1. I need the semi-axes of the equivalent ellipsoid of region 209-267: take the C-alpha gyration tensor, multiply each eigenvalue by 5, square-root it, list largest first in whole angstrom.
2. Could you tell me the largest-minus-smallest coordinate of the C-alpha atoms of the chain on each of the three principal axes, in descending order and whole angstroms?
3. Counting other beta carbons within 10 Å of each residue's own, what order do VAL216, VAL26, VAL127 fall into, fewest first?
4. Mind running the shape call on region 98-181? Use the C-alpha gyration tensor, a ≥ b ≥ c as the square roots of the eigenvalues: rounded below 1.5 for a/c, prolate if a/b tops b/c, oblate otherwise.
5. With each run of n ≥ 4 DSSP H residues scored as -39500 (n - 2.57), what mean residue ellipticity at 222 nm is computed for the chain after dividing by its residue count and rounding to the nearest 500 deg cm²/dmol?
6. Quickly work out the GLN90-to-VAL287 label distance, labels modelled 7 Å from Cα along the C-beta direction, and quote it in nm with one decimal.
7. For VAL174, VAL65, what's the fewest-to-most ordering of other Cβ within 10 Å of each Cβ?
8. Evaluate the relative contact order of the chain (contact order divided by residue number), counting alpha-carbon pairs under 8 angstrom at least 6 apart; express in whole percent.
Amino acid sequence: MRILLASPRGFCAGVNMAIDCLDECVKRFGPNIYVYHEIVHNRYVVDRFTRIGVKFVDHPDDVPVGSILLYSAHGVSPEIRKAARERKLQTIDATCPLVTKVHLEAIKYARDGYNIILIGHEGHDEVIGTMGEAPESITLVETPEDVDQLPFGPDAKLAYLTQTTLSVEEAATVIRRLEERYPGIEHPAKEDICYATTNRQDAIKALIGQVDLLLVLGSQNSSNSRRLQEIGVTTGKAAYLIDGKAELRPEWFEGVNSVLVTAGASAPEVVVEEVLEHLRQTYGATVEDAITREEHVTFPLPKELRVLQAAGA
């Protein structure tokens with residue numbers, strides 16, 4: 001069996017920063033700290049921190065007064081920040097800077113009197129946080145059909161934003177429908193879908209034609225990982241989204257000579273290596289690196305931690 005190992009894959013700069021942030025917090029304050037929702041959408045990562053005592057919560061009210069609360073990479077709404085202040089929590093913000101960019105755009109457009117159309121998936125942590133910045137000004141859409149149901153007139157003062165982890169193609173179809181219906185709609189100068197999401201999708205599109213099967217390492221609640229699996233499905237190839245080697249099934253590989261392996265932006269490299277080793281041992285697989293683009297983006301730790309580092313705390 002021939003394995004094409006896609007690159008870029010796995011952790012993006014925002015995920016790296018968020019995980020490094022939580023590791024640093026554990027190192028400085030001990031494991032008795034809290035995280036609002038999952039630090040990133042990956043079961044392996046969340047389980048690792050849970051085992052050492054980190055607690056993941058769904059609301060600041062679940063955190064003891066005065067404790068440390070870390071905001072996840074997906075961002076939070078002003079309502080959550082207010083609730084944390086009321087409980088006198090020491091907060092550390094590990095929101096991905098690219099998500100923060102979307103929040104700031106939402107605030108600006110709302111302040112300038114725009115109705116904002118947010119393209120994204122209902123219930124996703126990032127979408128909830130963004131909509132919380134200006135709930136009276138934001139309407140969520142997911143499909144071109146949703147655009148057709150919008151109540152705004154053709155001359156309404158509108159702007160659109162997107163969730164950072166969408167399928168590039170799916171977002172483009174919604175944007176086209178928006179611009180057809182509302183030719184004057186505004187949008188940010190730089191698109192909101194993040195570089196890592198785009199790069200990982202582009203890698204699959206470039207490589208999928210060379211293989212029989214696609215394996216995506218990532219969790220089911222990871223939006224960017226699910227989009228990678230969907231690309232494989234839309235090309236007619238078998239495509240599976242798995243957390244690790246325990247989910248592999250022998251029947252997937254019957255008659256399969258070549259496999260493309262990648263990982264979502266929140267999936268650690270260790271789970272990729274475990275899958276590759278399983279394929280080597282079970283099928284005598286050989287692995288070829290397939291590099292479509294190089295990434296050199298990094299984000300600094302949150303300012304709260306940088307201040308402590310500078311003070312030698």
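1. Details: eigenvalues 66, 37, 15 Å².
In descending order the semi-axes read 18, 14, 9 Å.
2. The Cα atoms of the chain stretch 58, 55, 31 Å along the principal axes, largest first.
3. Details: VAL216 28, VAL26 17, VAL127 23.
Ascending Cβ contact count within 10 Å gives the list VAL26, VAL127, VAL216.
4. On the way: a/c = 1.70, a/b = 1.09, b/c = 1.56.
Verdict is oblate for region 98-181.
5. Details: 11 runs with 125 residues, N = 313.
Taken over the chain, the calculation gives -12000 deg cm²/dmol.
6. Those two pseudo-labels are separated by 4.0 nm.
7. Placing the least packed residue first, the sequence is VAL65, VAL174.
8. Numbers: 581 pairs, mean separation 82.0, N = 313.
That works out to 26 percent.
Each reported figure results from applying straightforward, stated rules to the coordinates on display, with no laboratory input. Everything numeric in this text was worked out from a predicted model, so none of it was measured. No Cβ is skipped: glycine too gets one built from the backbone with ideal geometry, and neighbour counts run over all protein chains shown.
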